[in-house]
Amino acid sequence: MVYNDAVAARRHAFAEGLAFPSTAALSKQLITEAKRTPKRSWLAEVSAVVLQQSLADCDRAYRNFFASLKGARRGPRMGPPKFKRRTGTQSIRFTRNARFAVLHSGRLRLPKVGDLRVAWSRELPSEPSSVTIVKSPTGKYFASFVVAVEDGSQELEPLADPEAETGVDLGLKDFAVLRGGKSIDNPRFFRRLERKLRREQRALSRKMKGSANRAKARLEVAKVHEKIRHTRSDWIDKQVLDIIRENQAVYVEGLCVTGLSRGRAAKSMYDAAFGMFLARLESKTARTGRTFARVDRFFPSTRLCSECGALTGPTGLEGLKVRKWSCGCGAHHDRDANAEVNIRREGRRLAMERERFAAGLAEN
Ligand SMILES: [Zn+2]
């Protein structure tokens, strides 16, 4: 892999105290010259633009890392680029320069590959600027295109209430609870696919190392993983869209340990779903001009009584089972609905604070 070769070359240069190799130098060394060696001769069969892309990706990873070191980049500190692990998934990206084309016949023309038949999942809204071909562990190929589209807010109907807002309390019983105790139920496929995954994993563990049956069983496990990913992704997109359709502002909790009472397989599945759900919610709100805020992960949204502000709610491992509770002030709470109120309040406070800060910056 050209990407890994580039990381290796730069690490080597650093260890030896040499100058940081430029992308041009790496291109010459890792592509042009490497093609003549037996180990890397296959590079000649790959479109040159794609190889350059790997170097450009590596370059960007290093630039982000250096910017992060200098504090010029927002977000958490980044480590130096790592070797990309060989996973079951392989991908390759073609940009415009690589001269890929969508033909009138509906086929996709790729340089040095040929004209491929495509099962289109939707129509392309405009000329794509790049295409990534992904080979999944199950041997299926997927093409995903980057296309410029109009601002996403235009595809949405105007809000019934332009000031509608909601908190999002991720839960154990329900997937999430929204304003007014409205809940997003856990989808049934979570449990069903999780059981299927466990079954296939058990079958795999019984097969002999290196046997053909083991390879077949491994493929079955990969198929279930793929199915989980796709089903989860579609389902999450739908939930995110529903929330955005109804709310101008969305406030979420910082992700914390919610999976305590679940088994390990289930826990990782829910955690992955929560993480993806929050990330997509955040990016979708940004694209549609909605307000978004994430409260601190240590904010006691469950413990806080939303009536009087005392920390009288359930806490600790035992508290996970408590669905309803009463505060000394006389208020009776549903656990999740109360948490949603607190998240919404705190989120609104954060969003207003941010707005004031931005306004202050604009004035100075
Ligand atoms: Zn109270």
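Would a scan of segment 338-345 turn up a residue that is farther than 14 Å from residue 253 by Cβ and either within 14 Å of the ligand (Cβ to nearest atom) or among the charged types (D, E, K, R) (or both)?
Taking segment 338-345 as the starting set, the residues that turn out to be farther than 14 Å from residue 253 by Cβ are none.
Scanning segment 338-345 turns up no residue that is farther than 14 Å from residue 253 by Cβ and either within 14 Å of the ligand (Cβ to nearest atom) or among the charged types (D, E, K, R) (or both).
Where residues in segment 284-307 are near the ligand (Cβ under 10 Å from one of its atoms) and closer than 30 Å to residue 236 by Cβ, which of them is surrounded by the most Cβ atoms within 10 Å (Cβ to Cβ)?
Filtering segment 284-307 down to residues near the ligand (Cβ under 10 Å from one of its atoms) leaves 304-307.
Filter once more, keeping what is closer than 30 Å to residue 236 by Cβ: 304, 306.
Working: 304: 23, 306: 19.
Among them, the one singled out is 304.
Which members of segment 308-336 meet the condition of being within 15 Å of the ligand (Cβ to nearest atom) and basic (Lys, Arg)?
Hits for segment 308-336 are 324, 335.
Give all pairs with beta carbons closer than 7 Å in which a residue from segment 52-75 that is under 18 Å from residue 97 (Cα atoms) and crowded, with 16+ Cβ neighbours inside 10 Å meets a residue that is modelled with pLDDT of 80 or more and among the charged types (D, E, K, R); count only pairs at least 6 apart in sequence or on separate chains.
Hits for this filter: 53/93.
Out of all the residues in segment 21-50, which are hydrophobic (A, V, I, L, M, F, W, C) and either without any contact (Cβ under 8 Å) to a residue 40 or more places away in the chain or assigned to a helix (DSSP H, G or I) (or both)?
Listed by number, the residues that qualify are 24, 25, 26, 30, 31, 34, 42, 43, 44, 48, 49, 50.
Please pick out the residue among 339, 351, 293 that is part of a strand (DSSP E or B) and of a type outside the set (Ser, Thr, Tyr). Before the answer, list the steps.
On the way: 339 fails: part of a strand (DSSP E or B); 351 fails: part of a strand (DSSP E or B).
Only one candidate qualifies: 293.
The values are calculated or read from the model by the stated rules, or taken from the named source; none is laboratory data. If you're wondering where the values come from, they're calculated on a predicted model, not measured in any experiment. When we count neighbours, we look across all protein chains shown, and the Cβ atoms used for this are built from the backbone with ideal geometry, even at glycine.
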